[in-house]
1. Over the stretch 125-284, what is the mean sequence separation of C-alpha contacts under 8 Å (at least six apart), divided by residue count, expressed as relative contact order in percent?
2. Please rank Asp226, Asp113, fewest neighbouring Cβ atoms within 10 Å first, as an exposure proxy.
3. Based only on other Cβ atoms within 10 Å, what is the fewest-to-most ordering of Ile188, Ile6, Ile277?
4. Fewest Cβ neighbours within 10 Å first, please rank Lys132, Lys119, Lys54 accordingly.
5. At a Förster distance of 30 Å, what's the computed FRET efficiency of Thr2 paired with Glu133, Cβ-Cβ distance as r, to 0.05?
6. Report the rotationally averaged projected area of the stretch 135-182 based on its alpha-carbon convex hull, in square nanometres.
7. Can you report the principal axis dimensions of the stretch 125-284 using only the alpha carbons, biggest first, rounded to whole angstrom?
Amino acid sequence: MTLLVIIFVIFGPFTYLTYLIIQEINGLVEYIKSHELNVLDSILQYPIISNLTKKILNVFNMSYGELKKMIVTNLTTLGKELLGRITNSIGNIVSTIVDIVFIFLTVFFLLLDGPMFLKKIQDYMPFSKNQKEKLIKQVKEIIISTIYGGVTVALVQGLIGGIAFSILGIPSSVFWGLCMFFSSFIPILGTFIIWGPGALYLFFNGFFLKGFILIFIGIFVISMVDNILRPLIVKGKTRLPTILIFFSILGGIKLFGFIGFIMGPLVLALFISVFEIFRYSEEK
């Protein structure tokens, strides 16, 4: 039953989400090529930004046209790079199918023999009984605070942000929702680095009401999710610095692929827990 839930509730929507992201990145690259010059003109000529632009041009001895061309070229390159990484990771159909089969087999046998497997691992650990209990307790707490807390909050913020972008007519809403997921782990700024420019985009295009609506949603809905949901999940649990979670997710994705957004924090949690045991033993 759990495998069926994974297939129909998690795996199905994830596959469709990947398809949507690929389509949106393609559309975003084409949009940058065909329309972004006009959008850049309106942004760079805005009074406050215009003064900053002139200073940048003077410092780097560039012309206005060269600056626009450089921005468009870099945005296009970034889009193609993201598209290439996503398509390469799922492009090998045979490898993807084999990976999926191994995932389902692993989940099946972990569900079947998981408790016995964990007990055997505990037996082989070179720690005392108290240390083993402490390790298990701390790993559980870090997993709850990191994965359940951090990742769940990021998913909710990305979902709300993507829906808000879609309703307000901002292109590539699924892609920007994914960007909000990752940016939620960035300390201080968080998802603001995505929905803030989104509000500016609406203002520059004359949609002032939509811009104020997005600011309202960003401040009182998206940002409040972190302040309300995270304390409920991680209450009384061991918490890791957000910046460590952020880099562990990036490292996990680079090493394990998309599943790394779970594996990265998990490896970090195990490392810190074992390190704490050795530190505590030496202090004793």
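1. This gives 28 percent for the stretch 125-284.
2. Asp113, Asp226
3. Result, fewest neighbours first: Ile188, Ile6, Ile277.
4. So the ranking, lowest neighbour count to highest, is Lys119, Lys54, Lys132.
5. Calculated transfer efficiency: 0.65.
6. 3.0 nm²
7. Computed over the stretch 125-284, the largest-to-smallest principal extents equal 66, 31, 20 Å.
Bear in mind that the values in this text are calculations on the coordinates, not laboratory data. Predicted, not measured: the structure shown is a model, and the values here were computed from it. Glycine gets a Cβ as well: all are built from the backbone with ideal geometry, and neighbour counts include every protein chain shown.
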